[in-house]
């Protein structure tokens, strides 16, 4: 097998793996489905008890009928009758503004009716990038953390959290309390309840659908860390289920989540509850002191949050994940002064090309020499056409004399594959890329680039992307420069066409990276070619 055949084989294998990755791991745009935000969960009463080990620390045995009835009645009911309704005071709405570094990151509202959160807006994140509506993400499905009690409070109507943590205390006449503590530059709060059941829960439907053209039935899921990170899609949760002693439990969409982290102990018992198949799941944790994160799945913030919550950002398999972390660090920290993510990706391509320069230089030099010795190889093939063993020995001798490595052509592509897969995961799952523009018509690097939109999808394509076409053309010229066997001319045309089709479904950021890499490779090959020609003259 010639080096060109090996190179093409490696390319085909890469394409096959990419296609499988797209099918089972990637984020593929689907036809937009109608989204229902109204909860349809039916009340359930389960008469068994959840037996919790006595040596678990401080968690008591809690009947599941209590949990089920409590969660559904308190957090999912739309027509609530308050316990002290006859003498209830006027409702008060408390506005909370959490500030980060020089700008607001959360606008929230709490009500004294139930002590619940009724509004949680993230002003830095657009609701539907590309829709042109200009609204912000708002977690305002059902009332959060509703205790079915009317509270009073001495807190002011508006609290700005910008220098130090502040606490809102909600209390009742019978000395029951809810304490919300908000911290600057934190998408969330800690909540402590006194006099209530040891269960803090989030109802279904809180998280919104925040992306265009998604399959809503696969968009939401519950995820938790119990020895290892596990998850369950919303439409697969059919009954109340205790998921173990967890470090955290979360209801999530692709880019946003609500995470419950116990504060009384390192771990606590987590629960998932049935919800509508097209809405975020209902989750709960058995503790009276819980840290609640409600915001973007930002890898940097989640690492600071601890408890392996950073695993909520899927950077792929373990080996690929480590490469993805390095790529993410380079783009977010090493070149943080660059604000445009398209420029970041181009700089990343240049950096990786420089790192791999010694290896790729030797490889391309070997390929160029192999192309130059083609006439000698043809002579040997003609001379030993009836003696394969003799031909093999003669070819090996020729390779040694000319300093040619027939396997060298595969190395650059093999070295690029782990980086390619890792970058794919980073671009597809980093909230920083969500709605991130590059230039001209490329206004979202996390989605496929479309210059000409099709009225009816063809083979899953919603449009034609110019960047993918340019990438395919660059790949064609790159292969043409290194082709050593005229018999492979058909593959030289087929592979770029196939890869162009494939890349039209990948995030625009990934296509930009591969296109830039192809251009740099062509330039490097041309320089090596000229250098060898000078050496021979």
Would you mind stating whether residue 213 is under 30 Å from residue 318 (Cβ atoms), modelled with pLDDT under 95, assigned by TED's automatic domain parsing to the domain that holds residue 152 and surrounded by fewer than 20 Cβ atoms within 10 Å (Cβ to Cβ)?
no
Does at least one position in region 235-249 carry a residue that is modelled with pLDDT of 90 or more and closer than 25 Å to residue 135 by Cα?
no
Under 6 Å between Cβ atoms, at least 6 apart or on separate chains: pull out the pairs that start in region 175-197 with a residue that is free of Cβ contacts under 8 Å to residues at least 24 places away in the same chain and outside the structural domain of residue 155 (by TED's automatic domain parsing) and end on any residue that is surrounded by fewer than 17 Cβ atoms within 10 Å (Cβ to Cβ) and not in a loop (DSSP other than H, G, I, E, B).
none
Looking at the structure I just gave you, is residue 382 in contact with a strand residue (DSSP E or B) (Cβ under 6 Å, 6 or more places away or on another chain) and modelled with pLDDT of 80 or more?
no
Set 504, 527: member being in contact with a strand residue (DSSP E or B) (Cβ under 9 Å, 6 or more places away or on another chain) and modelled with pLDDT of 80 or more:
504
Filter region 254-267 down to the residues that are buried (at least 20 other Cβ atoms within 10 Å of the Cβ) and within 25 Å of residue 122 (Cβ to Cβ) and list them by number.
254, 255, 256, 257, 258, 259, 260, 261, 262
Of the residues in region 454-475 that are at pLDDT below 85 and outside any strand (DSSP E or B), the one that is surrounded by the most Cβ atoms within 10 Å (Cβ to Cβ) is 465
Could you please find all residues in region 182-210 being surrounded by fewer than 18 Cβ atoms within 10 Å (Cβ to Cβ) and either in contact with a helix residue (DSSP H, G or I) (Cβ under 8 Å, 6 or more places away or on another chain) or in a strand (DSSP E or B) (or both)?
194, 197
In region 231-249, the residues that are farther than 16 Å from residue 309 by Cβ and assigned to a loop (DSSP other than H, G, I, E, B)
237, 238, 239, 240
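Rundown of residues vs (1) more than 26 Å from residue 329 (Cα to Cα); (2) not in a strand (DSSP E or B), yes/no style:
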| site | (1), (2) |
| --- | --- |
| 214 | yes, yes |
| 229 | no, no |
| 254 | no, yes |
| 258 | no, no |
| 278 | yes, yes |
| 303 | no, yes |
| 311 | no, yes |
| 316 | no, yes |
Conditions (1) touching a helix residue (DSSP H, G or I) at 6+ places or on another chain (Cβ under 6 Å); (2) over 27 Å from residue 448 (Cβ atoms); (3) not assigned by TED's automatic domain parsing to the domain that holds residue 428 -> residue 323 fails only (2)
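The values are calculated or read from the model by the stated rules, or taken from the named source; none is laboratory data. Not measured: the values here are computed from a predicted model. Every residue, glycine among them, receives a Cβ derived from its backbone with ideal geometry; neighbour counts consider all protein chains shown.
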